[in-house]
1. Accessible area per residue of the chain at 1.4 Å probe, in Å²?
2. Tell me, what ³J(HN,Hα) does each residue in region 80-97 have, in order and in whole Hz, if you take phi through Karplus 6.51 cos²θ - 1.76 cosθ + 1.60 with θ = phi - 60° and put x for Gly and Pro?
3. Taking 7 Å along the Cα-to-C-beta vector as the label spot, tell me the Q37-R64 distance in nanometres, rounded to one decimal.
4. How long, wide and thick is region 46-152, going by the Cα atoms along their three principal axes, in whole angstroms, largest first?
5. Relative to the longest principal axis of the chain, what angle (0 to 90°, nearest 10) does the C-alpha long axis of helix 12-23 take?
6. Pull out the extension gain between A22 and E45, defined as 0.36 nm times the separation in residues minus the alpha carbon to alpha carbon distance; nm, one decimal.
7. On the protein heavy atoms, probe 1.4 angstrom, tell me the percent of accessible surface of region 46-152 carried by carbon and sulfur.
8. Measure off, as a whole percent, the carbon and sulfur share of the 1.4 Å-probe accessible area of region 1-45, all protein chains present.
Amino acid sequence: EEVAASEAAHADRNLALTHFMASYGNMRNPVATVLDQYVRQCAIEMSCRDLALAGRFLAARGVRRDGSELVTCRQVKRINAIMLTCGTYDAAGDFAYRVGIPGKSGVGGGILAIVPGRCAIAVWSPGLDKRGNSVAGVAALDHFTTLTGWSVF
């Protein structure tokens, strides 16, 4: 509740964007409801293991651990593309260049990164840069992809 309240207190841009999307008829629910759900999702407490397991289906082409399909390959491609191009806020281009795999950062210092066809990786460190991304997390992922050569580029 504390993290959700903090996120809501600093959600002016998200509120503006939500109203903007609503003005184009892209909302099925009231703006206040959508934004409340968004800030609550931003505040879900997870461990690095939980986060990596939650994103594993994106590395496995939409397939759950039990072998059932959660989303189609086409949907996974779209999700990973969105993560690569805007999952780290205004640093998406730098993240793509440095890390080379789709990633989504969170306000708590966590980053979920996807190596398509291989694995999901989660890192966490609370020290954020001016763009809202974990400094140590980005550095760790950069080091990891440099050592392994696992990059989409």
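The values are calculated or read from the model by the stated rules, or taken from the named source; none is laboratory data. Keep in mind the model is a prediction, meaning the values are calculated, not measured. Cβ atoms come from the backbone with ideal geometry, glycine included; neighbour counts cover every protein chain shown. Just so you know, the surface numbers come from the protein's heavy atoms only, side chains and all, with ligands and any DNA or RNA stripped out. Shrake-Rupley method; radii C 1.70, N 1.55, O 1.52, S 1.80 Å.
1. On the way: 9790 Å² over 153 residues.
Per residue, the chain has 64 Å² of solvent-accessible surface.
2. 5, 5, 5, 4, 5, 8, 8, x, 10, 6, 6, 9, 4, x, 5, 5, 4, 5
3. Distance between the two pseudo-spin positions: 2.0 nm.
4. Principal-axis extents of the Cα atoms in region 46-152, largest first: 39, 26, 25 Å.
5. Relative to the chain, helix 12-23 is tipped by roughly 80 degrees.
6. 5.4 nm is the gain from fully extending A22 to E45.
7. Details: 3440 of 5970 Å².
It is 58 percent, rounded to a whole number.
8. Numbers: 1940 of 3670 Å².
On region 1-45, the fraction of accessible area on carbon and sulfur atoms equals 53 percent.
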